[in-house]
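In what follows, a structure is listed as structure tokens, so that the remarks can point back to it.
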Amino acid sequence: MKPSLILFLLSLPVLASAEKPNVLWIITDDQRLDSINAFNRITIENEDSPLGKVASPQVDRLAAMGTTFVNSFNQNPVCAPSRTAMHTGRYSHSSGVYGFDYYSGAGKAHWRPMVPEVMKEAGYRTVSVGKGGIRYIADPKKKVVGAPYEVDLGYLNEFADAGRFDWVKSMEWKTKIVTDRFRFPDGSELTWSSDPVAQPDDREELTKRLDILREYPPGKTHDQAINAVDSIIGGINPQPPNMTREANYVKELISYLNSDEKTYTTLKGKKVPTIGKSPVFAHIGFDFPHTPVLPPAEFRERFRNLKYKVPEFTEQEMASFTPQLRKLYAGIGSNHFPDEHKQQMIADYYALCAYGDSLVGQAADAFIEYSEKNQQPWLILYVCGDHGWKLNEHGMIAKSSPYDIDLHNPIIVVSSDKKKFPAGRVVKDFTCFVDMAPTFFAAAGYDLSDSRFDYLDGKDLGQVSEGKIPARDYIISEPTPLVVIRTKDYKLALKIRGGKNIGSMLKADLEDLEPIFFDLRNDPEELYNLASDVYYRPVIDAMRTKLQNIVLGDGRVECKWTREGGEPVFVSNFAPGADDGKLELPKLPAKP
């Protein structure tokens with residue numbers, strides 16, 4: 001363990017004496033908020049998505065049992081940096097992790113321990129199963145990548161090696177050849193390789209048996225999307241619901257929770273400590289509905305013949321795209337798909353969400369049963385996706401954009417403590433992914449008012465729920481190279497560069513920053529970029545100043561990360577304390 005981390009942990013404030021609750025952290029992947037009926041009822045007063053039918057009885061039940069933070073937003077709509085923000089309680093510009101870097105905090109003064117490290121110090125047994133999705137290297141000498149949980153029950157490769165999977169992707173590093181493997185209930189496997197002359201080559205049989213639909217870029221047809229490097233955005237899972245890799249994540253977690261032995265043997269054959277008398281902090285990272293979008297057949301049948309309303313993309317919207325949005329569109333555009341492909345990608349996506357919902361219910365029920373059997377308090381935090389996913393909104397699929405469909409991901413907290421998290425409560429104040437870490441720390445008994453926690457960018461959701469913390473006026477997100485500030489009424493996104501370019505960024509003409517500005521009161525679907533409308537300029541200028549002060553000047557960190565650690569760190573702090581949650585915007589006169 002690094003000396004700086006040891007010193008931090010030793011200096012943590014004394015914990016409260018109340019019994020610590022068991023904690024289950026459920027994270028799904030690439031999940032839109034409109035895939036959940038409960039969120040639709042709150043946000044649009046309709047059970048289904050604006051696109052059509054969705055089903056989420058288990059998450060709906062969690063919402064009824066606990067408190068829904070419906071206006072939660074992620075801090076970076078890409079898997080790895082979003083999950084880093086969750087695990088650190090810090091914005092991307094505070095941690096210095098903006099993308100898919102492998103990074104180590106070794107030798108860096110700004111670095112602080114991650115959630116499982118702090119929870120372990122509080123006496124928790126920390127355990128993870130499924131997708132962690134971060135590229136943290138706690139000990140550069142060991143070169144182990146991932147969040148530092150004490151017990152790792154496995155992810156894709158471990159479950160694949162044990163034969164407990166439906167699909168897995170592998171790549172030959174020398175040739176860069178990618179192969180998709182599909183496993184069927186009888187143990188047989190079929191493969192699909194990016195090498196056009198690879199043997200065996202089962203792509204035709206897989207296309208027929210599993211109705212595979214692969215993503216393909218503008219200018220190409222689906223018949224040209226023959227490589228395994230093209231993401232699967234529709235099809236049938238080769239396994240029944242109880243035998244998918246994600247069903248096995250739940251089984252493995254339940255098996256570990258219920259183990260009566262002193263040690264537990266993981267899928268790798270490693271003996272790890274069981275929970276014993278400690279409280280447990282358990283993380284389960286589901287893959288759904290991330291590609292490959294392969295719902296089990298019985299779930300797919302419920303959605304396959306439904307007619308969905310495909311989001312429209314117009315030439316007018318395309319004409320308003322900034323160069324950065326055009327670049328994004330060139331990579332993940334979907335408006336060129338024929339209607340049958342659009343219908344399949346939408347129906348299969350929502351079918352996979354419905355299947356995943358059943359797994360969330362299984363994990364939550366087993367965790368509550370475990371806690372109550374042991375007469376322990378408990379807390380479950382469910383977050384709907386590490387970010388969202390487009391289904392032809394703005395002519396695109398995938399994520400990584402400044403639009404709400406990629407940024408807006410509600411959180412539900414269900415707890416045996418109904419005073420802090422009452423059943424059925426809906427909190428509409430802005431909340432953020434960086435709020436999860438302090439929520440866990442508070443549950444563990446830490447005093448967050450202690451100066452040692454000043455590094456946290458988030459707030460305790462328990463105090464937010466109880467109305468003890470003033471509401472934020474805005475949220476911040478950093479879909480690199482863009483940065484976003486959003487209020488209740490407006491959104492501004494700018495393209496920025498840091499480091500030695502900060503001075504020029506602050507002085508640059510607005511047009512040079514490729515501004516995107518939406519009046520959300522009149523344009524909730526974010527179709528009309530009004531950045532060039534002089535009527536809004538006073539609001540845009542105020543939001544730009546606030547945004548730049550926060551992401552460029554309030555402890556901004558930049559580092560050329562390596563796996564070894566010890567790299568020099570650039571810090572910009574010309575506006576300390578800028579992220580105070582307050583933003584008063586000028587009132588605009590009536591528009592002529």
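Some observations on this one:
- Test for K546: is it out of contact with any Lys or Arg (no Cβ under 8 Å at 6 or more places or on another chain) and open to solvent by less than 60 Å² (accessible area, probe 1.4 Å): yes
- Of the residues V129, V178, the single one that is closer than 29 Å to L190 by Cβ, in contact (Cβ under 8 Å) with a residue 60 or more places away in the chain and not in a helix (DSSP H, G or I) is V129.
- Answer residue from region 281-304, given it is out of contact with any Lys or Arg (no Cβ under 8 Å at 6 or more places or on another chain) and among the charged types (D, E, K, R) and is most open to solvent (accessible area, probe 1.4 Å) among those: R302
- Meets criteria (open to solvent by 20 Å² or more (accessible area, probe 1.4 Å) and touching a helix residue (DSSP H, G or I) at 6+ places or on another chain (Cβ under 6 Å)) for F313: yes
- Candidate set from region 1-47 (those that are modelled with pLDDT under 95, in contact with a Gly (Cβ under 8 Å, 6 or more places away or on another chain) and part of a loop (DSSP other than H, G, I, E, B)); member that is surrounded by the most Cβ atoms within 10 Å (Cβ to Cβ): K2
- Residues considered: K342, K307. Of these, the only one that is among the basic types (K, R), farther than 19 Å from G219 by Cα and surrounded by fewer than 23 Cβ atoms within 10 Å (Cβ to Cβ) is K307.
- Failed criterion for Q58 (all others in (1) open to solvent by 10 Å² or more (accessible area, probe 1.4 Å); (2) more than 22 Å from G130 (Cβ to Cβ); (3) among the polar types (S, T, N, Q) hold): (2)
- The residue list K277, K268, K208 contains one member that is at pLDDT below 95, touching an Asp or Glu at 6+ places or on another chain (Cβ under 8 Å) and open to solvent by 70 Å² or more (accessible area, probe 1.4 Å), which is K268.
- Complete set of residues in region 187-205 that are open to solvent by 70 Å² or more (accessible area, probe 1.4 Å) and either over 25 Å from D161 (Cβ atoms) or aromatic (F, W, Y) (or both): P196, V197, E204
- Residue satisfying all of: in region 555-579; touching a helix residue (DSSP H, G or I) at 6+ places or on another chain (Cβ under 8 Å) and of a type in the set (D, E, K, R); nearest to I134 (Cα to Cα) among these: E558
- Listed by position, the helices (runs of 4 or more DSSP H) contained in region 258-357 that have at least 2 residues being within 26 Å of K169 (Cβ to Cβ) are 297-303, 323-332.
- Residue check, R214 touching an Asp or Glu at 6+ places or on another chain (Cβ under 6 Å) and closer than 23 Å to H341 by Cα: yes
- Residues being under 28 Å from the mean Cα position of the chain (by Cα) and modelled with pLDDT under 95 - total across region 495-509: 4
- Region 541-569: number of residues that are part of a helix (DSSP H, G or I) and among the basic types (K, R): 2
- Tally, over region 524-540, of residues that are surrounded by 14 or more Cβ atoms within 10 Å (Cβ to Cβ) and either in a loop (DSSP other than H, G, I, E, B) or in contact (Cβ under 8 Å) with a residue 60 or more places away in the chain (or both): 7
- Leading residue by the ranking (surrounded by the most Cβ atoms within 10 Å (Cβ to Cβ)) among those in region 572-582 that are in contact (Cβ under 8 Å) with a residue 60 or more places away in the chain and under 26 Å from the mean Cα position of the chain (by Cα): D579
- Identity of the residue in region 366-397, outside any strand (DSSP E or B) and hydroxyl-bearing (S, T, Y), that ends up least open to solvent (accessible area, probe 1.4 Å): S371
- Top-ranked residue of region 132-145 - restricted to ones that are in contact with a Pro (Cβ under 9 Å, 6 or more places away or on another chain) and part of a loop (DSSP other than H, G, I, E, B), ranked as most open to solvent (accessible area, probe 1.4 Å): D139
The values are calculated or read from the model by the stated rules, or taken from the named source; none is laboratory data. Keep in mind the model is a prediction, meaning the values are calculated, not measured. Ideal geometry is used to build each Cβ from the backbone, glycine not excepted, and the neighbour counts take in all protein chains shown. Heads up: the accessible areas ignore ligands, DNA and RNA and are worked out on the full protein's heavy atoms, side chains in. Shrake-Rupley method; radii C 1.70, N 1.55, O 1.52, S 1.80 Å.
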